[in-house]
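Student: I am attaching a structure below and will ask some questions about it afterwards.
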Amino acid sequence: MLIFRQLANITQDLPRAALPLLLIFLVSTAAPAAAKAVTEPVTAATPAASITDVTEVHPVSSFLQDERPAISARSVQYDEKSGRYICHGTVKITLGNRLITADEAQITSDLSTIWTQGSARLIDGENIFCSEAIYARPLEGQAFFFGTRCKLKRPGLAIDSDSIEYRWQDKIGVFDGHVLYIDGDGEKAFVHVEYDFNKNKIA
């Protein structure tokens with residue numbers, strides 16, 4: 001939870017969007033013949049036992065139809081004090097064509113801000129970003145990667161650095177601190193690199 005606290009401090013000055021009501025759809029793990037769909041909003045009063053197994057969050061928000069996030073996790077609870085969904089276990093967050101996976105996540109109720117930690121990954125086509133924690137702002141098309149070492153892997157290219165900012169709308173990656181750039185020509189060391197994924201070269 002330490003990483004969450006650090007990221008929350010970093011982002012505490014961000015404007016808060018209105019918090020529309022989100023619905024939680026619980027999917028039963030019983031046999032198909034006995035399965036029954038259950039729909040109920042998640043609140044702090046909801047017992048954890050009733051939000052186990054795979055839980056899907058279907059947001060009502062200002063996202064474009066093909067960009068609306070969908071979240072699944074082993075368990076999801078809503079914290080009324082912080083206004084966040086707390087997700088544990090095999091967390092998967094779909095953002096249009098992108099996928100974020102992690103062990104844990106905290107998500108604001110309007111899905112404008114996402115924190116993840118534990119084997120965190122963002123997959124965008126052939127680009128795979130890995131780190132200990134990810135802070136993402138889906139409406140702004142940004143993700144920030146933190147941890148001991150952050151990595152990008154794609155065919156013919158690998159970049160390691162202390163931190164990464166990925167702007168998927170612009171297809172730009174910003175790598176800072178002890179950057180190791182590895183491609184077909186060998187290894188290069190930098191302090192700062194901006195990579196243009198549209199042109200497949202350093203910007």
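Student: When only residues in region 46-98 that are among the polar types (S, T, N, Q) and modelled with pLDDT of 60 or more count, which is farthest from T116 (Cα to Cα)? Let's see the steps before the verdict.
Tutor: Going through region 46-98, the residues among the polar types (S, T, N, Q) turn out to be 46, 50, 52, 55, 61-62, 65, 72, 75, 77, 82, 90, 94, 97.
Right, trim to modelled with pLDDT of 60 or more and you get 72, 75, 77, 82, 90, 94, 97.
Values: S72: 13, S75: 14, Q77: 15, S82: 16, T90: 11, T94: 13, N97: 18 Å.
Here the answer is N97.
Student: Assuming C150 fulfils every condition listed in (1) more than 16 Å from N198 (Cα to Cα); (2) in contact (Cβ under 8 Å) with a residue 40 or more places away in the chain apart from one, which condition is it?
Tutor: (2)
Student: Also, I was wondering about something else. For residues that are aliphatic (A, V, I, L, M) and under 16 Å from A70 (Cβ atoms), tally how many sit in region 101-140.
Tutor: 9
Student: Please determine whether any residue of region 87-96 is surrounded by 17 or more Cβ atoms within 10 Å (Cβ to Cβ), more than 10 Å from the chain's Cα centre (by Cα), within 14 Å of I71 (Cα to Cα) and among the hydrophobic types (A, V, I, L, M, F, W, C).
Tutor: So far as region 87-96 goes, yes, one or more of its residues are surrounded by 17 or more Cβ atoms within 10 Å (Cβ to Cβ), more than 10 Å from the chain's Cα centre (by Cα), within 14 Å of I71 (Cα to Cα) and among the hydrophobic types (A, V, I, L, M, F, W, C).
The values are calculated or read from the model by the stated rules, or taken from the named source; none is laboratory data. All figures in this text were calculated on a predicted structure; none of them were measured in a lab. Don't worry about glycine lacking a Cβ; one is built from the backbone with ideal geometry, like all the others, and counts go over all protein chains shown.
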